[in-house]
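Novice: Starting off with a structure, shown below.
The values are calculated or read from the model by the stated rules, or taken from the named source; none is laboratory data. Keep in mind that what you see is a predicted model, and the values were worked out from it rather than measured. Cβ sites come from the backbone with ideal geometry, for glycine too, and all protein chains shown count toward neighbours. Accessible surface areas use protein heavy atoms only, side chains included; no ligands, DNA or RNA. Shrake-Rupley method; radii C 1.70, N 1.55, O 1.52, S 1.80 Å.
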Amino acid sequence: MVTLKDISMRLKSIKNIQKITKSMKMVSASKFARAERELRPARPYGKGAAAFYEKANIKVEAELPKYLIIALSSDRGLCGGIHSGISKAIKSDMAVRAGGIETKIVCVGDKARGILQRVFRDQLYLSFNNVGKRPSTFEDAAYITQTILNSGYDFDLGDIYYNTFRTVVSYQPTKQPVFSLNAISAAPSISVYDSLDGEVLRCYQEFSLASLIYFGLKEGSTSEQSSRMTAMDGASKNAGEIIQKLTLTYNRTRQAVITRELIEIISGAAALKN
């Protein structure tokens, strides 16, 4: 039988959890406001690089042998299914991709790596941690880009997977294609840009990849903070409902104990009189 002490300890524990979730919600709300402010100036980086690929009309054969996946997540959890959404999108695309294609996966953040290594251990190529503990900068994206390009894996086609922020309560897993220097050089519409020699194309290919990664990190950070804020709000409400139920149970149990003790006292007094 559950005693008053057990219920009291459980009630105290849930109240402490509710304090933590409320504090995390407030912290996430503050970080979300900052992330949303930093997202606005970061969007031209990603939009500009994507527009260049579209204007150049870059086309790559789907059967090329080397494919690169860049999964952008973070090291922190307690934010709903935001990390698992990226991993599910990658698993879904990998399931329908033709066999015989060499695929390498780059994980930015421990959460994506922890999920993907269970299924694609052999395809994991690079991983970066300490993501999400502080706001991402363009220097972080440039470091990731240089590490990928200097790793020795000359991919033909790649995709960046990240979460696109839509509203405070919604986000969308997004896939952004990236291309190798050879694919950009062979684009049919690349001639519309004047004065593009090999060195300029190489520099812009590096800059565009860094810009897309930076844009994806900012979008993902904003989505993560909004998702964590929503998750902590839901956890606080759930804790409040449990507290109400436990308080009701505690009061009923306490009343039953008092009633039983009164009955025992009255019964004992009556026995002494007799």
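Novice: Calculate the spin-label point distance for Gln123 paired with Met26, positioning each point 7 Å from the Cα along the beta-carbon direction, and give it in nanometres.
Specialist: The answer from the label model is 4.4 nm.
Novice: Could I ask something else about it? Between Val2 and Asp93, what length in nm is gained on full extension when 0.36 nm per residue of separation is reduced by their alpha carbon distance?
Specialist: Numbers: separation 91, 0.36 × 91 = 32.76 nm, distance 5.08 nm.
Difference between extended and current length: 27.7 nm.
Novice: Measure nothing fancy, just the Cα-based angle from helix 4-56's long axis to the longest principal axis of the chain, in degrees from 0 to 90, nearest 10.
Specialist: So the helix axis and the longest Cα principal axis differ by about 10 degrees.
Novice: Between Val200 and Glu241, what is the spin-label point distance in nm, taking each point 7 Å from the Cα along the Cα→C-beta axis?
Specialist: Label at Val200, label at Glu241, 6.1 nm between them.
Novice: Kindly give the semi-axes, whole Å and largest first, of the ellipsoid equivalent to region 1-153, taking each as the square root of 5 times a Cα gyration tensor eigenvalue.
Specialist: The equivalent ellipsoid of region 1-153 has semi-axes of 39, 22, 14 Å.
Novice: Could I get the Rg over Rh figure for the chain? Both from C-alpha atoms, Rh via Kirkwood, rounded to two places.
Specialist: With Rh from the inverse mean 1/r over Cα pairs, Rg/Rh is 1.26.
Novice: So in the chain, what percent of DSSP beta bridges are antiparallel if you round to the nearest 5?
Specialist: If I count the DSSP bridges inside the chain, around 35 percent turn out antiparallel.
Novice: Related question: Run the paramagnetic zone check for Lys15: 7 angstrom along Cα to Cβ, then residues of region 247-262 with backbone nitrogen under 18 Å.
Specialist: In region 247-262, the label zone of Lys15 (backbone N under 18 Å from the point 7 Å along Cα→Cβ) covers 247-255.
Novice: Let me ask something else. Provide, for q = 0.16, 0.19, 0.22 Å⁻¹, the log10 of I(q)/I(0) from a solvent-free Debye sum over equal Cα point scatterers in region 157-274.
Specialist: -0.90, -1.02, -1.14
Novice: Taking the Cα-to-Cβ direction at Ser189 and at Lys273 and moving 7 Å from each Cα, how far apart do the two end points lie in nm?
Specialist: Placing both labels 7 Å along Cα→Cβ, they lie 10.1 nm apart.
Novice: Taking 45 Å as R0, compute the FRET efficiency from the Cβ-Cβ separation of Leu78 and Asn57 and round it to 0.05.
Specialist: The calculated FRET efficiency here is 0.55.
Novice: Moving on to the next point. Going by average Cβ neighbours within 10 Å, how do the peptides 101-112, 235-246, 219-230 rank, with the highest at the top?
Specialist: Highest mean packing first, the order is 219-230, 101-112, 235-246.
Novice: Let me ask something additional. When the Cα centres of region 29-108 and region 164-236 are compared, how far apart do they sit, in Å?
Specialist: 7 Å
Novice: In addition: Given Phe155, Ser208, Val168, which one lies farthest toward the positive end of the charge dipole of the chain, if we put +1 on the Cβ of every Lys and Arg and -1 on the Cβ of every Asp and Glu?
Specialist: Val168
Novice: Per residue, how much accessible area does region 80-169 have with a 1.4 Å probe, in Å²?
Specialist: It amounts to 51 Å² per residue over region 80-169.
Novice: While we're here: At q = 0.17, 0.22 Å⁻¹, what base-10 log of I(q)/I(0) does the Debye formula yield for region 3-64 when every alpha carbon is treated as an equal point scatterer in vacuo?
Specialist: -0.78, -0.91
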